[in-house]
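Below is one structure, written out as structure tokens, with a few remarks after it.
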Amino acid sequence: AAITYSEGVHVTEAGEPKAVLGVRVSEPFFRLMGVQPAIGRAFSKDEDVPGRGRVAVISDRLWRERFNADAAAVGREITLNGRRHQIVGVMPPGFVFPPGRLRLTPDVWVPIAENIEPMRGRHFLYVVGRLKDGTSVAQADADMSAVAAAIAKELPEVSEGHGADVMSLQEHLVHDVRPSLMLLLGVVGCLVLIGCSNVASLLLARGLVRRREVSLEMALGATRWRVGRQLFAESVAMSVAGGALGLILALGLTRLVPALVPPDALSIDAATVDWRVLAFASGVSVLTGLLFGLAPAVQLRRVDPAQTLARGPRSIFGGRHTRAPRTLVVA
């Protein structure tokens, strides 16, 4: 399917004039993308011919903003750059292909519906296609390079200096964002480890301060297993609470950060908190609680209730008790 942009589209129907990103596409576009309008239909073949094409498919966003999400909008006419077009379909939410300059999302799709033979040499069309089963992007790229070379040989006056490149749609959309995101992931991973180390140190110090409390509980009949479970549960509960707060913060940042970061600097506008993020955050929270909750529980092996209570509150800190926190700081 062929694609070309019409960025200066002005909608003057149903309210104040509004400038939107318009995209002109050939008839197979929506079938090729595997996404059909949520309301209405896509273009028909007889609408993508010269002299026709006065039809439009609009985005869910434009439909809600300009037509108050009224299903009766399909069939109505809309004025695009002074020309009347009939709305034949409304795309489902989230369909934002192809993004334009600065990753603007399209709001209107219309058929190309013109004879492109006289425009040979303008190189104004992009093409999106589906690979045949078993064909790699590299094979398609080699085939298209051969075709482009043949065209350049046949029509040097319009093809000199031009070629053809094939890339996956995902690569086209995210560009080189993966290395940046992997770097961010590594940085965040280091911060998580530093945070866990700090929390573990605090838990160890808290355990030392609570030695008299623990010794008193054990002197009154509590077993080491029961006291250890209590300390362990407190650690896990704190980790889960921290993970929940982190998710709440993430939900807010996924809305805030894309508005602050230039779209051409980092393509993070599609980052969402989905079930994979929830599962990862939950797993990390529980795992850190389990790992670092062991430290206070392990300390109980060295607790002698009678000796600790006899020494008094000022004797809870000793040289060997600071070894574990120092090890965590070094790590």
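Kindly indicate whether V88 is out of contact with any Pro (no Cβ under 6 Å at 6 or more places or on another chain) and either aliphatic (A, V, I, L, M) or modelled with pLDDT under 85 (or both).
Here the answer is yes, as V88 does meet what is asked.
When only residues in the range 177-219 that are loosely packed, with under 12 Cβ neighbours inside 10 Å and small (G, A, S) count, which is nearest to S235 (Cα to Cα)?
Across the range 177-219, the extreme among qualifying residues is G189.
Within the range 99-113, can you find the residues that are in a loop (DSSP other than H, G, I, E, B), more than 25 Å from G163 (Cβ to Cβ) and not β-branched (V, I, T)?
L104, P106, D107, A113
Name the residue that is most open to solvent (accessible area, probe 1.4 Å), counting only residues in the range 117-143 that are touching a residue at least 40 places away in the same chain (Cβ under 8 Å) and part of a loop (DSSP other than H, G, I, E, B).
In this case the residue turns out to be R130.
Here are some residues: V158, V174. Which one is over 21 Å from the mean Cα position of the chain (by Cα) and open to solvent by 30 Å² or more (accessible area, probe 1.4 Å)?
None of the others qualify; the one that does is V158.
Among what's in the range 27-52 and is buried (at least 17 other Cβ atoms within 10 Å of the Cβ) and touching an Asp or Glu at 6+ places or on another chain (Cβ under 6 Å), pick the residue that is farthest from A113 (Cα to Cα).
Taking the candidates together, the pick is F43.
What single numbered condition from (1) open to solvent by 90 Å² or more (accessible area, probe 1.4 Å); (2) assigned to a helix (DSSP H, G or I) fails to hold for A146?
The number of the failed condition is (1).
Inside the range 1-25, can you point out the residues that are within 29 Å of the chain's Cα centre (by Cα) and among the small types (G, A, S)?
Those that are within 29 Å of the chain's Cα centre (by Cα) and among the small types (G, A, S): A1, A2, S6, G8, A19, G22.
I need the full set of residues from the range 258-267 which are at pLDDT 65 or above and surrounded by 14 or more Cβ atoms within 10 Å (Cβ to Cβ), in order please.
Scanning the range 258-267 gives a single hit, P258.
Do the conditions hold for G89, that is, is it of a type in the set (G, A, S) and outside any loop (DSSP other than H, G, I, E, B)?
yes
Here are the criteria: (1) loosely packed, with under 12 Cβ neighbours inside 10 Å; (2) over 14 Å from S6 (Cβ atoms); (3) charged (D, E, K, R). Tell me which single one R101 does not satisfy.
(2)
Can you report the number of residues in the range 77-92 which are open to solvent by 80 Å² or more (accessible area, probe 1.4 Å) and touching a residue at least 40 places away in the same chain (Cβ under 8 Å)?
2
Mind checking which pairs have a first residue in the range 220-248 that is surrounded by 16 or more Cβ atoms within 10 Å (Cβ to Cβ) and a second that is of a type in the set (F, W, Y) and outside any loop (DSSP other than H, G, I, E, B), Cβ under 7 Å, 6 or more apart or different chains?
Once the first residue is surrounded by 16 or more Cβ atoms within 10 Å (Cβ to Cβ) and sits in the range 220-248, its partners that are of a type in the set (F, W, Y) and outside any loop (DSSP other than H, G, I, E, B) give S235/F292.
Results for (1) touching a Cys at 6+ places or on another chain (Cβ under 9 Å); (2) of a type in the set (K, R); (3) modelled with pLDDT of 90 or more; (4) more than 29 Å from K45 (Cα to Cα), shown as yes or no for each residue.
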{"residue": "P92", "(1), (2), (3), (4)": "no, no, yes, no"}
{"residue": "G100", "(1), (2), (3), (4)": "no, no, no, no"}
{"residue": "I112", "(1), (2), (3), (4)": "no, no, yes, no"}
{"residue": "V127", "(1), (2), (3), (4)": "no, no, yes, no"}
{"residue": "A150", "(1), (2), (3), (4)": "no, no, yes, yes"}
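Can you find even one residue in the range 309-322 that is open to solvent by less than 60 Å² (accessible area, probe 1.4 Å), aromatic (F, W, Y) and either assigned to a loop (DSSP other than H, G, I, E, B) or at pLDDT below 75 (or both)?
no
The values are calculated or read from the model by the stated rules, or taken from the named source; none is laboratory data. The structure presented is a predicted model; accordingly, all values stated were derived computationally and were not measured. We place every Cβ from the backbone using ideal geometry, glycine too, and count neighbours over all the protein chains shown. SASA here: full protein model, heavy atoms, side chains in, ligands and nucleic acids out. Shrake-Rupley method; radii C 1.70, N 1.55, O 1.52, S 1.80 Å.
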